Amino acid sequence: MPRTLITGGAGFLGSHLCDRFLAEGHEVVCMDNLITGNPDNIAHLIGNPGFEFVKHDVSTFIYVAGEVDNVLHFASPASPIDYLKLPIQTLKVGSLGTHNALGLAKAKDARFLLASTSEVYGDPQVHPQPETYWGHVNPVGSRGVYDEAKRFAEAMTMAYHTYHGLETRILRIFNTYGPRMRLDDGRALPAFMGQALRGEPITVFGDGSQTRSFQYVDDLVEGIWRLLHSDEANPVNIGNPDEVSIKEFAEEVVALTGSDSTITYEDLPADDPQVRQPDITRAREILGWTPSVDRAEGLRRTLAYFQEQVEATA
Ligand code: NAD
Ligand code: UDP
């Protein structure tokens, strides 16, 4: 039975990965310090003999007894309000945490997969973004703590690949949504869902003309599974190329919830990327992967979860 370590496993994405890898017959070690994660995300897995939770900060030395076949490094604050509140922890988990996770993979002769991000492209001057684009990031801007940590993490991962011959994968994840996002994580979807369901004004930042391309979590998990089992060491974008302006996205959430919320406009945060859309040619060609859940369907699947969250916090 393969054994997979998932750092950040109690977070939004990590917990979906725990589910998928257990369902595929892996033993899963979920390592998380719960700084932005939620034990509720993995509560249903406690008691499963194939599942082990270890509370640990991966920016300090990682010890795991026994064999490990795969290390999926997902630990990191991920929403802008989280990483703006936790700038040093974000830099540490992207740098020291990635180094420790790579060191563990090397010691165990395991395959390593890094959760990188579309943020490595910064406020892009090439659109859509292919993996060959080097990006446009302000290292000392407020988002720099996240973007540069992930850029360093990619460089460190590639160095372990070329210098130590470690089997590594670099996944550039574009905006992903779905059940288990934190209602208060400040990202557009949880914010808009919460506001719409409570009948509060929807806070669109700037004039809402900035774009994002949102993918449903199940599509991402399938892409991760395929990338891990490929032999591609270069970065691969995984995202849904269906691009939408934030204003239209807010209107879609209002329409879906049947809310009578109106839109209010607030200041655009510093360095907020103006556009973002993945070029997924590489994922298509190398992994045979394309997203299969469109936004209307993905939002419908996510609504019930947010209804429960809003009721629980009412
Ligand atoms: P999340 O905040 O829900 O999950 C991150 C998890 O990492 C949390 O459970 C947190 O407690 C844990 N963590 C943070 N620092 C840690 C540390 N030092 N030691 C141990 N655990 C630590 O966020 P998410 O959306 O699930 O993101 C997961 C990963 O995917 C992150 O690396 C993020 O950068 C990447 N990513 C996510 C998206 C997205 O749209 N969700 C997009 C691009 C990249
Ligand atoms: N956004 C917004 N209102 C909110 C939260 C976010 O208009 O309450 C905007 C944000 O400025 C950005 C887009 O929505 O332009 C996506 O933001 P998110 O935090 O979800 O992701 P990221 O900026 O990291 O892509």
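Odds and ends about this structure:
- Positions within region 190-222 being buried (at least 22 other Cβ atoms within 10 Å of the Cβ) and more than 16 Å from ligand 1 (Cβ to nearest atom), in sequence order: GLN195, ALA196, ILE202, VAL204
- Taking region 99-157 as the range and being without any contact (Cβ under 8 Å) to a residue 24 or more places away in the chain, of a type in the set (Val, Ile, Thr) and touching a His at 6+ places or on another chain (Cβ under 9 Å) as the test, only VAL126 passes.
- Against the conditions (1) assigned to a strand (DSSP E or B); (2) within 10 Å of ligand 2 (Cβ to nearest atom); (3) not hydroxyl-bearing (Ser, Thr, Tyr), ARG276 satisfies every one except (1).
- Within region 40-62, the set of residues being free of Cβ contacts under 8 Å to residues at least 12 places away in the same chain and either within 16 Å of ligand 2 (Cβ to nearest atom) or assigned to a loop (DSSP other than H, G, I, E, B) (or both) comprises ILE46, GLY47, PRO49.
- Beta carbons closer than 7 Å, at least 6 apart along the sequence or on distinct chains, pair a first residue in region 291-311 that is closer than 10 Å to ASP218 by Cβ with a second that is among the acidic types (Asp, Glu) for PRO291/ASP219; SER292/ASP219; VAL293/ASP218; VAL293/ASP219.
- Scanning region 244-271 for residues that are modelled with pLDDT under 95 and on the phi > 0 side of the Ramachandran plot returns a single hit, ASP271.
- Note on region 282-314: residues that are in a loop (DSSP other than H, G, I, E, B) and crowded, with 17+ Cβ neighbours inside 10 Å amount to 3.
- Residue in region 249-258 that is part of a loop (DSSP other than H, G, I, E, B) and farther than 13 Å from PHE174 by Cα present: yes
- Note on region 68-86: residues that are among the charged types (D, E, K, R) and assigned to a loop (DSSP other than H, G, I, E, B) total 1.
- When the strands (runs of 3 or more DSSP E) confined to region 163-236 are screened for residues that are under 15 Å from the mean Cα position of the chain (by Cα), modelled with pLDDT of 95 or more and closer than 24 Å to ASN100 by Cα, those reaching at least 3 such residues are found at 168-173.
- Filtering ALA153, ALA65, ALA107, ALA101 for residues that are surrounded by fewer than 24 Cβ atoms within 10 Å (Cβ to Cβ) and assigned to a helix (DSSP H, G or I) leaves a single hit, ALA107.
- Every residue from region 225-251 that is touching a residue at least 60 places away in the same chain (Cβ under 8 Å) and basic (Lys, Arg): ARG226
- Top-ranked residue of region 20-39 - restricted to ones that are within 13 Å of ligand 1 (Cβ to nearest atom) and outside any loop (DSSP other than H, G, I, E, B), ranked as surrounded by the fewest Cβ atoms within 10 Å (Cβ to Cβ): PRO39
The values are calculated or read from the model by the stated rules, or taken from the named source; none is laboratory data. The model shown is predicted, which means the values in this text are computed figures rather than measured ones. A quick note on method: Cβ atoms are made from the backbone with ideal geometry, for glycine too, and the neighbour counts reach across all protein chains shown.
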